[in-house]
Amino acid sequence: MKQLKTLDGLALMPLYDWPELHHLTDAVWDCVRQAAREEGLDLPVGLDHRPQRVSAWMNDGVVFSQLCGSPWYRSHRHHARYLATSNFDLTDNLDGQYYSKIIVANDSPLYALDGLEQATFAFNDPDSQSGVHCLRPLLDIEPSLNRGVESGGHRFSIEAVADGRADFAAIDAFSFLLAERFLPTLTAGVRVIAQTAPRPAPVLITSASFDDDTISALRRSVLIGLSQLPAEISAAFAFRGAVDLGEAPYAVFDLGV
């Protein structure tokens, strides 16, 4: 084995690292760490499970993280280097793509997009692709943002719709699938009325402060490690691993849609 180069800093999977899922995200990270040792890298021992904002700034202290592709491409890609693209198992998505589900409460009178512009909107973060920007081709979302409920996370947007604090929300389909599996009483209170167009899934990134050779080794570690997830982990987490789409597909986010 190569002499190990230690990368000090934070490792995070902030988009889907719910308390109920820590055992799964830890297992995912362990696979990346093991692959990294074969590439000569000694990565942080564990994930930092502290809650993070969806569009949080990824600073020089981040060794590995996951970030929504829209704010990454438009604001952070020169500082947070691309490693790979998250690859979810939504059964009906192409590798490296995802979409959002538009939800309302079970007892809502809404059954289509008509009427949403006058309804109360719950959103995870104003710069989120899956929670906000995905809706821009479908309706004028700015008035809804201005009077909406900023929840801080997709699971909290589902809660806001289910308990009547908001009329609708756009929920990343992977988050919704995880909620169906691990928070079934929550999703039982809502229904899906539409889904948005597919877009490139969240990026896996590292700090641009690392040299190119280190970033290349880390990219290989992510792609190899996530291809070797134990079957019980990939099945429970609905995670196919990661794919290398490169940066070009994320240019679709130039206009925030």
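The values are calculated or read from the model by the stated rules, or taken from the named source; none is laboratory data. Since we're looking at a predicted model, the values are computed, not measured. All Cβ positions, glycine included, derive from the backbone under ideal geometry; neighbour counts span all protein chains shown. Note: accessible area is taken over every heavy atom of the protein model, side chains too, but ligands, DNA and RNA are not part of it. Shrake-Rupley method; radii C 1.70, N 1.55, O 1.52, S 1.80 Å.
Summary of values
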| quantity | calculated |
| --- | --- |
| Rounded to 5, the percent of DSSP beta bridges in the range 49-177 classed as antiparallel | 55 |
| DSSP loop trypsin sites (Lys or Arg not before Pro) with at most 15 other Cβ within 10 Å: longest gap in the chain | 54-164 |
| For F239, residues with placed amide H under 5 Å, excluding near neighbours | D89 |
| When the range 194-244 is reduced to its Cα atoms, the Kirkwood hydrodynamic radius in Å | 13.0 |
| Size of electric dipole in the chain: Cβ of Lys, Arg +1 and of Asp, Glu -1, about Cα centre, debye, nearest 20 | 160 |
| Charge context of R240, other residues only, Cβ under 10 angstrom, K/R +1, D/E -1 | -2 |
| Positive-end residue of N106, P19, H76, charge dipole of the range 1-122 with Cβ unit charges | H76 |
| Heavy atoms of V243: accessible area, 1.4 Å probe, square angstrom to 10 | 30 |
| The chain: Cα Rg divided by the 2.2 N^0.38 Å rule of thumb | 1.01 |
| Relative contact order [Cα under 8 Å, 6+ residues apart], the chain, whole percent | 30 |
| Antiparallel DSSP beta bridges within the chain, percent to nearest 5 | 75 |
| Residue-normalised accessible area of the range 117-185, expressed per residue, 1.4 Å probe, Å² | 37 |
| Unit charges on C-beta of K, R, D, E only; dipole of the range 60-196, Debye | 260 |
| Dipole moment magnitude, nearest 20 debye, the range 126-257 about Cα centre, only Lys, Arg, Asp, Glu C-beta charged | 420 |
| Axial C-alpha extent at least 15 Å, average Kyte-Doolittle at least -0.5 - helices from the chain (DSSP) | 212-227 |
| Charge tally in the Cβ shell below 11 Å around G96, where Lys, Arg are +1 and Asp, Glu are -1, G96 excluded | 0 |
